[in-house]
Every structure is written in structure tokens, then in C-alpha cells.
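One structure is given below, encoded as C-alpha cells.
The values are calculated or read from the model by the stated rules, or taken from the named source; none is laboratory data. Just so it is clear, the model here is predicted, and its values are computed rather than measured. Here Cβ is always computed from backbone atoms with ideal geometry, including for glycine, and neighbour counts include all displayed protein chains. SASA here: full protein model, heavy atoms, side chains in, ligands and nucleic acids out. Shrake-Rupley method; radii C 1.70, N 1.55, O 1.52, S 1.80 Å.
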Amino acid sequence: MEKTKKAAESLTIMTNIVLPNETNSLRNLFGGELLAKMDRCASISAARHCERRVVTASVNHVSFDHPIPEGGIVVLESKVSRAFSTSMEIYVDVWLDDPINQKKIHTNSGIYTFVAVDEYNRPIPIPKMVPETEEEISRFDAALRRKELSLILSGRMNAADSVELKRLFGS
Ligand SMILES: CCCCCCCCCCCCCCCC(=O)SCCNC(=O)CCNC(=O)[C@H](O)C(C)(C)COP(=O)(O)OP(=O)(O)OC[C@H]1O[C@@H](n2cnc3c(N)ncnc32)[C@H](O)[C@@H]1OP(=O)(O)O
């Protein structure tokens, strides 16, 4: 029987405090630093899911909704949102945690694609992923159209060959 794994099995949580050397001239966390942290967190989720070496194939979307100040406690949470044949989509949510005022603000989200590779860096098949919670199911359902969009934007797919996007836009 084909191996399947739950989304929760790839859950990765990284907590950091923002240091001065990671900030921009506004003394907020520099965007590139955050992208690197998200990539690290997502790569661990990907490796946990497929139990293989993984590489980042694309960064499909990152939102910067709220600045993260110097000294802020930043919490990254990532999970596989869908596994395809050799690639998987990883969702990363970022929170600013304020333990003094007991507030948690959602500051960023990112959607990454990772590919499992063998010792020659060739893509290899990975287990399927079974979503369980409402949020996991919703992210799973939308992942195929994001994959198609990413492949079209990177010149790897002809828009005329998309299935999900044509269904969405009706042509
Ligand atoms: C001893 C081991 C212990 C390990 C245990 C501990 C591990 C602990 C974690 C460590 C984690 C390290 C994490 C490092 C993270 C980096 O920093 S990696 C560095 C940056 N990334 C790279 O250098 C990757 C360079 N690119 C490549 O190597 C190749 O292009 C790739 C990504 C392997 C793809 O190869 P390819 O021959 O083009 O393969 P192809 O069959 O066309 O595509 C493969 C899959 O990728 C998908 N894909 C490709 N491009 C895209 C795109 N733009 N958008 C969406 N999907 C795409 C395809 O659709 C396909 O999906 P499936 O339908 O098969 O699911």
C-alpha cells in the first residue's frame, strides 16, 4: 500500500528573538532575514514529510502584513500543505509573540515548494499527505492551482495545459 503521512507529522516550530544585526534601517526584522528563516523552517517540514534530502524549488508567495521589531519574539510554524509526485507545498505562518502583553500577531505567511532528491540530486517520489483539519483541507484543495500558477510563471507549463486555473477562470 502507498505510504501516506499526516500534515501534523511535518509540523515545525522555530522561535527566535530579533537581534540588531538582523534589522533594517527602521529597526524592524529585515525581509531577507525573514525569508531565510522561513526557508529553514519549511525545509525541515519537507524533510520530515518525505524523510529525504530536499531542495527549495520555488517561493510562490510571501506576505509582509506587520513589521517585526528588534527584540521581538518571532515564531515560525510550517507544515506540508500538499504532496505531489516528487514535490510538496509547504505553508509557513509567522507570528510576533508578545509574552508581556500576552498578544500574538500574525505577521507573515509564505508558500514554498520543495523537491525531494536522491544522492545525485534527481527528484524522487514522496509519500502522499492526508489533510485533517479544516485549514489543512482548505490549503490542500487550493495547492494544485498554486502549483500550476508557479509552473506557468516559471515557464515550466503552458497556460493552455492548466486544469485547475482554467476551471477557476472558466476558459
Ligand atoms: C543524508 C540526508 C539526511 C537529510 C535529513 C535532514 C534534512 C534536514 C533538512 C535539510 C534541508 C536543507 C534545505 C536546503 C534548502 C536549500 O537551500 S536548496 C538550495 C536552493 N535550491 C536549489 O538549489 C534547487 C536547484 N534546482 C534543482 O535542483 C532542480 O531544478 C529541482 C528543483 C530538483 C527540479 O528538478 P527538475 O529536474 O527540473 O525536476 P522536474 O521533474 O521537472 O520537477 C520536479 C518537481 O518539482 C516541481 N517543480 C519544479 N519547479 C517548480 C516550480 N517553480 N514551482 C512549482 N513546482 C515546481 C515539478 O512540478 C515536479 O513536481 P512533481 O509533479 O514531481 O511533484
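For the reader, a short list of remarks on this structure follows.
- For segment 24-32, the count of residues that are open to solvent by 60 Å² or more (accessible area, probe 1.4 Å), assigned to a strand (DSSP E or B) and over 14 Å from Y112 (Cβ atoms) is zero.
- Tally, over segment 37-94, of residues that are away from the ligand (no atom under 14 Å from the Cβ), open to solvent by less than 40 Å² (accessible area, probe 1.4 Å) and more than 11 Å from the chain's Cα centre (by Cα): 5
- Cβ-Cβ under 6 Å pairs, at least 6 apart or on other chains, segment 24-53 side in contact (Cβ under 8 Å) with a residue 12 or more places away in the chain, far side among the basic types (K, R) and more than 9 Å from the ligand (Cβ to nearest atom): S45/K79; H49/K5
- Residue check, S150 away from the ligand (no atom under 16 Å from the Cβ), small (G, A, S) and either outside any helix (DSSP H, G or I) or out of contact with any helix residue (DSSP H, G or I) (no Cβ under 7 Å at 6 or more places or on another chain) (or both): no
- Cβ-Cβ under 9 Å pairs, at least 6 apart or on other chains, segment 134-154 side in contact (Cβ under 8 Å) with a residue 60 or more places away in the chain, far side within 16 Å of the ligand (Cβ to nearest atom) and assigned to a helix (DSSP H, G or I): L144/E164; R146/E164; K147/E164; L149/E164; L149/L165
- Residue pairs whose Cβ atoms lie under 6 Å apart, sitting 6 or more positions apart in sequence or on different chains, and linking a residue in segment 106-119 that is at positive phi to a partner that is buried (at least 24 other Cβ atoms within 10 Å of the Cβ), do not occur here.
- The sole residue among R167, R145 that is within 16 Å of the ligand (Cβ to nearest atom) and either more than 22 Å from A47 (Cα to Cα) or in a helix (DSSP H, G or I) (or both) is R145.
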